[in-house]
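Peer 1: Mind looking over this structure? Questions follow.
Coordinate-derived values only; no laboratory data. These numbers come from a predicted model, not from an experiment. Ideal geometry is used to build each Cβ from the backbone, glycine not excepted, and the neighbour counts take in all protein chains shown.
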Amino acid sequence: MKLVVQEFLTLDGVSQGPGSPDEDTSDGFTGGGWFVPHLDDEFERLAGVWLTQADAFLFGRRTYENFARDWPTMTDHPAARFLNRLPKFVASHSLTKAEWNPTTILSGDVSAQVAELKRQPGRELHLHGSAQLAQSLLAAGLIDTFRLVIAPVVLGQGRRLFPDGGAPVGLRLVDHRTTPGGLSVHTFDSTGRPQHGTYGAGG
């Protein structure tokens, strides 16, 4: 399977708490819910297409607990039949049980276990949110594709998907589009280490 990271971001790269003011207030974050005003039917349609390409889902603990609380009761939402039915994997050293079936808890060497998942037959393994897990998997060279949905807002605070000191990566743009609500959707494939050059070299 191909590991695909799907993240909602602000223009200054914050990925924390997109869905509601109280979704994630860790480290004193007070800017949650910034993504919601920009949702529109075009993005909902696109996100639905992405779900049809998934054969399994991967989460960090915090995102998993939020999804596991909400999605089992949202049976009338088009995404529910994918999220509730397909295999789910949660990376956690603290969870001892996961009741949102079918779920497998990954502990210990998570990168090695994700690498093994990628060797299994299938199309896409989706990592939703879970920025800290994404950072560790990026450092391990395991991410194949980023789908980044950028909202037209600058927060000036919050946890970022690509923090200072994070792993470098080269990317190749394979698709981009905008939605009526102002979302900018970019799909990138990882290309390994970034390339560098000098402007104006050779003339």
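Peer 1: If packing is taken as the average number of other Cβ atoms within 10 Å across a peptide's residues, how do 144-155, 86-97 rank, most packed first?
Peer 2: Descending packing order for the listed peptides: 144-155, 86-97.
Peer 1: Determine the dipole magnitude for the stretch 50-203: charges of +1 sit on the beta-carbon of Lys and Arg, -1 on that of Asp and Glu, nothing else is charged, the reference point is the Cα centre, and the result goes in debye to the nearest 20.
Peer 2: Numbers: 16 positive and 12 negative charges, 10 e Å.
Rounded to the nearest 20 debye, it is 40 debye.
Peer 1: Separate question: Using a Förster radius of 45 Å, what is the FRET efficiency between Ala139 and Asp76 based on their Cβ-Cβ separation? Nearest 0.05, please. Spell out each step's value before the answer.
Peer 2: Values: r = 39 Å, r/R0 = 0.87.
Efficiency computed from Cβ-Cβ geometry: 0.70.
Peer 1: Between the stretch 10-66 and the stretch 98-147, what is the C-alpha centre distance in whole Å?
Peer 2: What the calculation gives is 17 Å, centre to centre.
Peer 1: I would also like to ask the following. In what order do Trp34, Trp71 fall by count of nearby beta-carbon atoms within 10 Å, going from fewest to most?
Peer 2: Fewest-to-most Cβ neighbours within 10 Å comes out as Trp71, Trp34.
Peer 1: Out of (i) -0.40, -0.80, -0.92, -1.41; (ii) -0.43, -0.86, -1.00, -1.67; (iii) -0.34, -0.70, -0.82, -1.42, which label holds the value of log10 I(q)/I(0) by the Debye sum over Cα atoms at q = 0.10, 0.14, 0.15, 0.19 Å⁻¹ that was computed here?
Peer 2: Structure-derived value, by its label: (ii).
Peer 1: Still on this model: Please list 187-194, 14-21, 127-134 highest first by mean number of surrounding beta-carbon atoms within 10 Å per residue.
Peer 2: The peptides rank, most packed first, as 127-134, 14-21, 187-194.
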